[in-house]
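Visitor: The structure's right below; bear with me while I get my questions together.
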Amino acid sequence: MKKYLLIAGALCVVAIPPAAAVVKCVALDSGLTKCSAGVFKGAYDWRTNCDTNNKETVIDGIAGCSSEDNSGALTHLQIDATTQNNNRHCYCKIIHPVMSNWVKAFSFSNSLSCTSRCAEECAKQITANQPFRYSLIKSI
């Protein structure tokens, strides 16, 4: 019986192809990257074209509103479910071509404003605000 289990195990090992890692070089330097006018594509999506040493990269990102008011990069967003109005701090995250952490872009006066304008603010901040762009790219 052990013989059959060993043979079956060996066949499984041979039959399963090895996973290949995908490596992609992305030209983003937190100090040298400049971004053109960003656009927001929907309620939570934004996009911009960035240039580092004449190498253009399209950056896609998402926006989110949180109750947390943190000036550093966050690995996850805390959403306050008890009081909707507390989710007024706008955070942005790069999702393509690489993933960044969440970085605060702006604080709105209420959650409704944040929800309706956060993606637009992310697109605006990555193009016009060099310290924000630096923090976002540095968090990759």
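The values are calculated or read from the model by the stated rules, or taken from the named source; none is laboratory data. Please read these numbers as outputs of a predicted model, since none were measured by experiment. Please note: Cβ atoms are built from the backbone with ideal geometry, for glycine as well, and neighbour counts cover all protein chains shown. Surface accessibility is based on the protein's heavy atoms, side chains included, excluding ligands, DNA and RNA. Shrake-Rupley method; radii C 1.70, N 1.55, O 1.52, S 1.80 Å.
Matching residues to (1) acidic (Asp, Glu); (2) open to solvent by less than 70 Å² (accessible area, probe 1.4 Å); (3) touching a Ser or Thr at 6+ places or on another chain (Cβ under 6 Å); (4) closer than 21 Å to GLY42 by Cβ:
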residue: ASN70; (1), (2), (3), (4): no, yes, no, no
residue: SER100; (1), (2), (3), (4): no, yes, yes, yes
residue: PRO131; (1), (2), (3), (4): no, no, no, no
residue: ILE140; (1), (2), (3), (4): no, no, yes, no
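Visitor: Those residues that are touching a Cys at 6+ places or on another chain (Cβ under 6 Å) and surrounded by 20 or more Cβ atoms within 10 Å (Cβ to Cβ), I need them from segment 119-129; list them, please.
Guide: Within segment 119-129, GLU121, CYS122, ILE126 meet the criteria.
Visitor: Could you list all residues from segment 55-68 that are open to solvent by less than 30 Å² (accessible area, probe 1.4 Å) and either farther than 17 Å from THR115 by Cβ or of a type in the set (Lys, Arg) (or both)?
Guide: Correct list: THR57, ILE59, ASP60.
Visitor: Looking only at residues that are among the β-branched types (Val, Ile, Thr) and closer than 25 Å to ASN85 by Cα in segment 99-140, which one is modelled with the highest pLDDT?
Guide: Ranking the candidates gives VAL103 first.
Visitor: So how many residues does segment 72-98 have that are crowded, with 17+ Cβ neighbours inside 10 Å, of a type in the set (S, T, N, Q) and modelled with pLDDT under 90?
Guide: 1
Visitor: Further question: Taking segment 89-111, which residues are assigned to a loop (DSSP other than H, G, I, E, B) and in contact with a Leu (Cβ under 9 Å, 6 or more places away or on another chain)?
Guide: Once the filter is applied, which keeps residues that are assigned to a loop (DSSP other than H, G, I, E, B) and in contact with a Leu (Cβ under 9 Å, 6 or more places away or on another chain), segment 89-111 yields PRO97, VAL98, SER100, ASN101.
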